[in-house]
Amino acid sequence: MESLLYLTVFPSTDATRSDWVGINLIPFNTIENYLFLFSQGGISVASVNLLGNTAVFVPMGILLVLINSKISFKKMFLIGIGTSFVIELTQLVLSSLNVLSRSFDVDDVILNTTGVIIGFAIMKIGMFFIKKKKL
């Protein structure tokens, strides 16, 4: 959890303006821009942002299934979206106070939640095959 906070709340290395507060409320806008950048050869920037925002939340999905193997998809989805929203809101507030230079991006919520769901799916599929093997 400490790593998750470090990666999502503390300033990024490319954050150079403390007076800038970015807000994206249009779903898939940033994702579309990164996919375009990827197609134009900006592979490293696009990959770090798209895959990074997803991959950093996969362990959360895995851990929550390990804690409660009967957790539902709906509950996992709500935990993922809620956690990501709180992080994005924290970034927005701290940026507004000039503590950080981060932004609120609904696409980060989408990507983070996708990561939680991927972790959930990995564990549920793995548990299915382990149960099947025991029979």
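The figures follow:
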quantity: Where Ser101 falls short, out of the listed (1) surrounded by 13 or more Cβ atoms within 10 Å (Cβ to Cβ); (2) out of contact with any Lys or Arg (no Cβ under 8 Å at 6 or more places or on another chain); (3) of a type outside the set (A, V, I, L, M); (4) outside any helix (DSSP H, G or I); calculated: (2)
quantity: Qualifying residues in the stretch 73-98 (those that are of a type in the set (S, T, N, Q) and loosely packed, with under 13 Cβ neighbours inside 10 Å) - the one nearest to Met123 (Cα to Cα); calculated: Ser96
quantity: The lone exception for Phe57 - which of (1) of a type in the set (Phe, Trp, Tyr); (2) crowded, with 20+ Cβ neighbours inside 10 Å; (3) more than 13 Å from Phe120 (Cβ to Cβ) it fails; calculated: (3)
quantity: Flag if Leu66 is over 17 Å from the mean Cα position of the chain (by Cα) and under 19 Å from Asn24 (Cα atoms); calculated: no
quantity: Residue, surrounded by the fewest Cβ atoms within 10 Å (Cβ to Cβ), within the stretch 35-54, restricted to residues that are touching a Gly at 6+ places or on another chain (Cβ under 9 Å) and closer than 14 Å to Asp107 by Cα; calculated: Thr54
quantity: Cross-chain or 6+ apart pairs with Cβ under 8 Å, the stretch 17-29 first and at pLDDT below 85, then loosely packed, with under 13 Cβ neighbours inside 10 Å; calculated: Ser18/Asn98; Asp19/Asn98; Val21/Ser96
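The values are calculated or read from the model by the stated rules, or taken from the named source; none is laboratory data. Quantities reported herein were computed from a predicted structural model and do not represent experimental measurements. All Cβ positions, glycine included, derive from the backbone under ideal geometry; neighbour counts span all protein chains shown.
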